[in-house]
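To start, the structure itself, in structure tokens.
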Amino acid sequence: MTSLANRPTPRLIAIYTLALFLAACGAAPPKPDEPKVVEPEPEPDPGLIEEQTALPASEHASLFNEVERALAAFDHLLATATLVPLESLELTTNDRQYLEYLQASIAYQQGEVTRSREQLDRLSGQVLHPGVRYRVLESQRQHLALTTDYLGGASVNLELARRYPDSAPQARQALWQNLARMDRAQRLSALRQPLDAELRGYIELADIADAGGRPVDSAQLVAWQSDNAQHPAASRLPAGLDGLEAPRTASRAVLILPLSGRLGVAGRAVRDGYLAAYYQGRGSEAVDGGLTVLDRTRYSDSREAYQAALALGADLIIGPLSKTAVADLAMLPQRPVTVLALNRLDTAIPAAGSPLLQLSLSPEDEVARVAELAFGSGARRALLVRPEGEWGDKVERALRERFQPLGGVVASAAVYRDPEGYSSGIEGALGIPDSKQRAQELRAYLGVNLEFTARRRYDIDAVFLLTRNSAQARAIKPLLAYHYAGDLPVWGISSSYSGGADQRDRDLSGLRLVEMPWLLENRAGLQQTLEGSGDSGAAYKRLNALGAEAYLVQRRLGQLDYGAEALIPGHTGLLRLDPAQRLLREPSPAKFDGDAIRRSF
């Protein structure tokens with residue numbers, strides 16, 4: 001590796017020395033592989049699906065349709081009232097079962113998720129008309145996708161794929177997503193249970209595909225296909241894994257990172273994480289043309305650094321790190337070499353030859369998953385607590401954009417500017433001043449000194465605590481109990497966690513959040529290599545993970561040829577590619593138990 005960086009950290013000196021030797025002795029890099037043209041899964045015929053899933057004829061069809069329309073508009077009160085006339089009638093078996101399905105759907109919209117799930121489970125054990133069964137399975141699939149019951153979700157999707165073949169591509173993709181969300185301990189636990197043979201095969205394949213953040217062993221994929229030749233996934237592996245059997249990986253990567261100046265600490269953290277993963281995985285590289293690290297701050301802008309990388313023979317460029325620098329590269333009229341940028345733009349990127357992939361630690365991805373998990377647990381009307389300013393505006397927008405389409409409502413918001421505003425903001429958002437005012441008015445009216453306990457507004461069933469850092473989270477969460485909201489489930493994102501053991505985190509006990517697997521799972525080889533390699537703190541650890549993730553994506557570029565079908569279990573979360581070439585990140589669910597954070601299942 002040739003490095004135009006400032007001095008390396010002590011623990012990585014040996015790595016850098018070896019890299020310099022390899023770069024000096026290496027032959028000219030080979031021509032990079034061209035991306036494969038991947039044929040997408042055939043689209044199912046909507047007409048055929050509709051025919052297979054049509055409801056049975058019913059004299060109450062118009063009333064049932066009215067209930068469905070009310071549910072689609074999230075009006076469970078109207079849906080409930082519309083069903084009342086049917087409850088006293090003698091119904092056919094099909095109509096009674098469809099009525100029970102609709103009642104389960106109403107219960108789910110009301111946030112009674114346990115009752116809804118139990119009713120759907122009872123129905124699924126009965127002999128059902130295909131149209132009714134399809135709706136029961138679809139509801140179970142959608143509900144389980146918002147929970148951590150990954151094995152249950154996979155089982156429902158497998159049944160959907162078998163019973164309704166024209167829905168199979170989407171069902172099997174959803175099945176795989178459930179299994180990809182598992183960690184290795186969950187998969188091994190599942191494999192110890194009695195399982196359907198096809199599902200067992202999928203779980204074994206998912207374990208190969210995960211590899212704990214390491215590059216996938218393509219020989220294991222081939223062996224699985226040989227051992228499971230009759231499995232539906234054997235002829236076309238899920239999630240773009242076919243792209244790993246003959247890996248398309250860059251032979252010479254150039255990192256463009258800020259290694260000095262204002263962003264120098266961040267750039268060095270990313271560099272160290274990448275190098276740790278690079279030397280852990282390099283032993284299995286078929287071709288290695290070397291690695292170069294360029295200090296972005298030594299160039300006038302990122303475009304000049306990009307041209308320098310091209311001159312060095314790069315076939316993949318990783319970086320830059322800042323949003324401004326990524327935007328500069330996005331405006332290049334031509335990009336002959338693929339870029340894996342380490343930030344995300346808010347606007348579409350002009351077409352300019354090779355892709356500009358975008359990998360980031362965006363909080364919007366975390367907020368979206370928290371909204372899903374909260375809704376899946378029964379949250380329907382929530383209190384939002386967040387800071388004033390651009391960051392707070394951004395996370396609130398992301399929350400509303402995911403929570404509201406599911407049927408959730410942000411019923412109230414507490415926006416704070418500084419610590420002095422924590423308590424008053426929460427008190428006001430919970431309606432406590434109104435409660436106190438009513439008590440004062442009643443005392444004045446009656447002319448007596450009444451015993452009084454303030455009450456919060458009753459229509460809130462969850463709290464989204466979206467703070468910039470752990471200090472804010474630790475200060476605010478106890479205030480919820482102080483203001484009579486201690487019984488509400490509280491949801492947060494990774495910024496609530498300091499990234500290491502801290503007894504002060506006992507104030508966060510019970511907080512549900514999402515966090516990257518890097519901080520929840522034992523990835524000892526990489527983490528021990530990085531221990532003491534540079535600045536400490538949560539931000540540095542997360543940027544280490546971003547660097548390691550960049551190397552993992554480099555090794556799995558072939559999967560990305562499969563577009564939205566590709567799923568990559570990574571260090572920062574489960575990655576998938578959207579049409580704008582952004583790698584969206586789904587972190588893992590976690591919970592504070594006392595002062596310790598644990599993955600929650």
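Here Val254 qualifies as closer than 14 Å to Gln554 by Cα, over 27 Å from the mean Cα position of the chain (by Cα) and at pLDDT 95 or above. One residue stands out among those in region 204-259 that are of a type in the set (Ser, Thr, Tyr) and open to solvent by 60 Å² or more (accessible area, probe 1.4 Å): the one that is nearest to Leu359 (Cα to Cα), which is Ser235.
Evaluation of Glu427 against the conditions (1) modelled with pLDDT under 95; (2) out of contact with any His (no Cβ under 8 Å at 6 or more places or on another chain) shows that the sole unmet condition is (2). Within region 498-516, if we keep just the residues that are open to solvent by 10 Å² or more (accessible area, probe 1.4 Å) and outside any loop (DSSP other than H, G, I, E, B), the residue that is farthest from Leu466 (Cα to Cα) turns out to be Gln503. Picking from residues in region 357-388 that are farther than 19 Å from Ser116 by Cβ and hydroxyl-bearing (Ser, Thr, Tyr), the one that is farthest from the chain's Cα centre (by Cα) is Ser360. Can you pull out every residue in region 231-251 that is part of a helix (DSSP H, G or I) and modelled with pLDDT of 90 or more? Scanning region 231-251 gives Pro238, Ala239, Gly240, Leu241, Asp242.
Among the residues making up region 299-319, a single one is assigned to a helix (DSSP H, G or I), in contact with a helix residue (DSSP H, G or I) (Cβ under 8 Å, 6 or more places away or on another chain) and surrounded by fewer than 23 Cβ atoms within 10 Å (Cβ to Cβ): Arg303. Annotation: Ala473 fulfils all but one of (1) at pLDDT below 60; (2) closer than 19 Å to Trp391 by Cβ; the unmet one is (1). Please go through region 219-237 and pick out each residue that is touching a residue at least 40 places away in the same chain (Cβ under 8 Å) and closer than 12 Å to Ala197 by Cβ. The answer is Pro232, and nothing else. A single member of Ala374, Ala414, Ala379 is closer than 30 Å to Ile432 by Cβ, open to solvent by less than 30 Å² (accessible area, probe 1.4 Å) and touching an Asp or Glu at 6+ places or on another chain (Cβ under 6 Å), and it is Ala379.
Within region 52-81, if we keep just the residues that are closer than 28 Å to Gly408 by Cβ and without any contact (Cβ under 8 Å) to a residue 12 or more places away in the chain, the residue that is most open to solvent (accessible area, probe 1.4 Å) turns out to be Arg69.
Scanning region 170-183 for residues that are open to solvent by 30 Å² or more (accessible area, probe 1.4 Å) and under 19 Å from Asn228 (Cβ atoms) gives Arg172, Gln173.
If you go through region 82-92 and keep only what is assigned to a helix (DSSP H, G or I) and open to solvent by 70 Å² or more (accessible area, probe 1.4 Å), you end up with Val84, Pro85, Glu87, Ser88.
Got a number for residues in region 534-586 being modelled with pLDDT under 95, among the acidic types (Asp, Glu) and farther than 19 Å from Val265 by Cα? Total satisfying the criteria: 3. Of the set (1) within 28 Å of Arg381 (Cβ to Cβ); (2) open to solvent by 70 Å² or more (accessible area, probe 1.4 Å), all apply to Glu100 but (2). Is it the case that some residue within region 50-61 is modelled with pLDDT of 95 or more and part of a helix (DSSP H, G or I)? So far as region 50-61 goes, yes, one or more of its residues are modelled with pLDDT of 95 or more and part of a helix (DSSP H, G or I). Of all residues in region 372-399, those satisfying the criterion of being part of a helix (DSSP H, G or I) and either in contact with a strand residue (DSSP E or B) (Cβ under 6 Å, 6 or more places away or on another chain) or touching a residue at least 40 places away in the same chain (Cβ under 8 Å) (or both) are Glu372, Leu373, Ala374, Phe375, Gly376, Trp391, Gly392, Val395, Glu396, Leu399. Based on what the data block shows, is Glu531 open to solvent by 20 Å² or more (accessible area, probe 1.4 Å) and modelled with pLDDT of 95 or more? Criteria not met by Glu531. Just one of (1) of a type in the set (Phe, Trp, Tyr); (2) closer than 24 Å to Leu513 by Cα; (3) at pLDDT below 95 fails for Phe464. It is (3). Within region 320-368, how many residues turn out to be surrounded by 22 or more Cβ atoms within 10 Å (Cβ to Cβ) and part of a helix (DSSP H, G or I)? Number of matching residues: 6.
Where the second residue is of a type in the set (A, V, I, L, M, F, W, C) and open to solvent by 60 Å² or more (accessible area, probe 1.4 Å) and the first is closer than 28 Å to Gln358 by Cα and free of Cβ contacts under 8 Å to residues at least 24 places away in the same chain and lies in region 575-601, which pairs have Cβ atoms under 9 Å and are six or more apart or on separate chains? As it stands, the answer is Arg576/Ala564; Asp578/Ala564; Pro579/Ala564, since those pairs meet every condition given. Of the residues examined, Leu340 is not one that is modelled with pLDDT of 95 or more and either in contact with a Pro (Cβ under 7 Å, 6 or more places away or on another chain) or basic (Lys, Arg) (or both).
To keep it simple, each residue is scored yes or no on (1) in a helix (DSSP H, G or I); (2) open to solvent by 50 Å² or more (accessible area, probe 1.4 Å); (3) among the hydroxyl-bearing types (Ser, Thr, Tyr); (4) within 22 Å of Arg369 (Cβ to Cβ).
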residue: Gln126; (1), (2), (3), (4): no, yes, no, no
residue: Arg133; (1), (2), (3), (4): yes, no, no, no
residue: Leu137; (1), (2), (3), (4): yes, no, no, no
residue: Gln140; (1), (2), (3), (4): yes, no, no, yes
residue: Leu146; (1), (2), (3), (4): no, no, no, yes
residue: Asn157; (1), (2), (3), (4): yes, no, no, yes
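Of all residues in region 184-203, those that are within 20 Å of the chain's Cα centre (by Cα) and open to solvent by 20 Å² or more (accessible area, probe 1.4 Å) total 3.
To keep it simple, each residue is scored yes or no on (1) of a type outside the set (Phe, Trp, Tyr); (2) outside any helix (DSSP H, G or I); (3) at pLDDT 95 or above.
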site: Glu66; (1), (2), (3): yes, no, yes
site: Asn94; (1), (2), (3): yes, no, yes
site: Tyr101; (1), (2), (3): no, no, yes
site: Gly111; (1), (2), (3): yes, yes, yes
site: Arg115; (1), (2), (3): yes, no, yes
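The values are calculated or read from the model by the stated rules, or taken from the named source; none is laboratory data. Predicted model, so just to flag it, every value in this text is computed and none were measured. Heads up, the Cβs are rebuilt from the backbone with ideal geometry, glycines too, and the neighbour counts pull from every protein chain shown. Heads up: the accessible areas ignore ligands, DNA and RNA and are worked out on the full protein's heavy atoms, side chains in. Shrake-Rupley method; radii C 1.70, N 1.55, O 1.52, S 1.80 Å.
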